[in-house]
Amino acid sequence: MRYTYKAQGSGGKTISGTSEASSKEALISALAKQGARPLVITEAGDSGKKPGTAKKGFFKPKVKSHDLVIFTRQLSTMVSAGVPLPRALNTLAEQSENKYFKEVIGDIGKEIESGQPLGEAFEKHPDVFSEVYTSMVKAGEAGGILDDILKRLAVQTEKDATIRKKVKGAMTYPTVIMSVTFFAFFGLMIFVIPKIGKILTDLGGPDAKLPIYTRALLGMTNFMLGHIIPSVPIPNIVFIFGLLFAGGFYLLKYIRTPVGKYAFHQVLLRVPVLKTIIIKVAISRFARTFASLASAGVGVLDALEVTGGAIGNKVIQAELVEAAKEVRNGKALSVALEKSQHFPPIVFQMLAVGEETGQIDTILIKVADFYDEEVDTVIDSLSSILEPVMIIVLGSIVGLIAASVMGPIASLSQNIGNN
């Protein structure tokens with residue numbers, strides 16, 4: 001049932017809202033746990049919007065990472081100061097400038113008022129709070145270190161946004177170069193090369209001996225003009241683009257399933273530079289989250305379960321699940337992680353030292369700091385690596401076309417002059 005209520009908070013302030021509860025008594029008990037005394041409780045019926053049902057749709061508004069970072073920091077500060085979660089969320093909802101985020105925070109506040117844990121309430125808004133985010137919040141609730149985890153989340157969210165910005169900036173130049181090269185290449189093949197081919201035929205005759213790369217270029221042009229372009233009318237082109245769009249849509253839908261997400265993460269771990277970044281970020285998250293849980297007294301198995309969800313990669317998460325099975329059978333965590341294909345030896349060696357000295361949390365924080373620096377180094381060097389590679393690729397394409405065209409013209413002209 002849904003109930004609308006008015007209650008008096010611990011500070012004497014009157015609060016009101018709508019909440020889900022099995023009965024009025026259950027709602028009274030939930031409010032009492034929050035330090036509020038019910039004044040009026042009435043049934044709201046089913047006409048109101050249920051919590052967790054913020055706007056949906058293809059063109060729904062987005063929450064910027066900057067807004068999420070500010071929200072996380074402010075929520076952490078308020079939780080550290082002892083402000084009850086419902087009141088903190090209501091305050092943050094009122095001051096949010098993003099209307100969609102305001103609605104989402106309001107929904108979460110209603111979930112909390114009805115007795116839901118914060119992590120589960122976040123989980124109902126996956127378009128705003130990622131799986132890593134919700135897993136870390138659950139870890140904070142499990143270990144009683146929610147304020148500390150929220151501080152770490154704010155830093156991590158800010159760092160993730162910085163990494164995305166750096167990667168995007170590093171990929172902008174290669175993307176522009178590749179796009180220009182692609183359109184220029186096909187433009188030359190369709191409009192320029194046929195005319196040059198005619199010139200070569202006129203100069204040397206139909207039996208002129210041309211270099212193999214020139215013949216290959218002319219053959220490719222003739223194939224495109226003779227088989228591809230004339231044989232694909234506009235309706236078919238529209239159909240092809242529609243088919244590609246539908247394929248992309250269903251591919252994204254598949255990637256969001258557990259099996260599809262695992263397969264997609266496997267592919268990402270095979271991309272050379274991206275693989276390095278993903279692994280280093282995952283190890284940093286593992287080390288920081290596990291260290292926080294260990295320092296709060298959470299058991300190794302529970303910490304592994306929660307930490308696995310906070311890593312952000314299903315393949316590495318599966319390795320932690322296997323490691324947890326080994327730990328359950330009596331092995332040390334450092335030994336269990338040795339079977340991992342993605343954790344480097346330094347991680348389980350440092351873990352072994354931490355297990356021997358009883359300072360796993362301290363050791364793992366150092367590991368996390370080290371890999372954070374490694375990620376920054378890789379991102380900064382990404383642009384400097386890609387730019388010369390793209391210049392070489394572009395130069396090779398231009399050189400091939402130039403050699404295919406100018407070489408035969410010069411040779412044929414020389415032959416004509418000698419004759």
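Structural remarks
- In Hz, Karplus ³J(HN,Hα) per residue of segment 277-288 (6.51, -1.76, 1.60; θ = phi - 60°; x = Gly, Pro): 5, 4, 5, 5, 5, 5, 5, 4, 5, 4, 5, 5
- If you take all other residues with their beta carbon under 14 Å from the beta carbon of ILE363, and give Lys and Arg +1 and Asp and Glu -1, the sum is -2.
- With K and R counted +1 and D and E -1, the other residues having a Cβ less than 14 Å from that of THR172 yield a net charge of +3.
- Ranked packing of 263-276, 300-313, 83-96, most packed first, by mean Cβ within 10 Å: 300-313, 83-96, 263-276
- Normalising by residue count, segment 75-121 has a Cα convex hull of 68 Å³ per residue.
- Among the listed pairs LYS62/LYS124; LYS62/LYS168; LYS159/LYS314; LYS64/LYS159; LYS99/LYS261, those beyond 23 Å (Cα-Cα): LYS99/LYS261
Here, each number is a calculation from the coordinates, and none is a lab measurement. In this text, all values refer to a predicted model and were calculated from it rather than measured experimentally. When we count neighbours, we look across all protein chains shown, and the Cβ atoms used for this are built from the backbone with ideal geometry, even at glycine.
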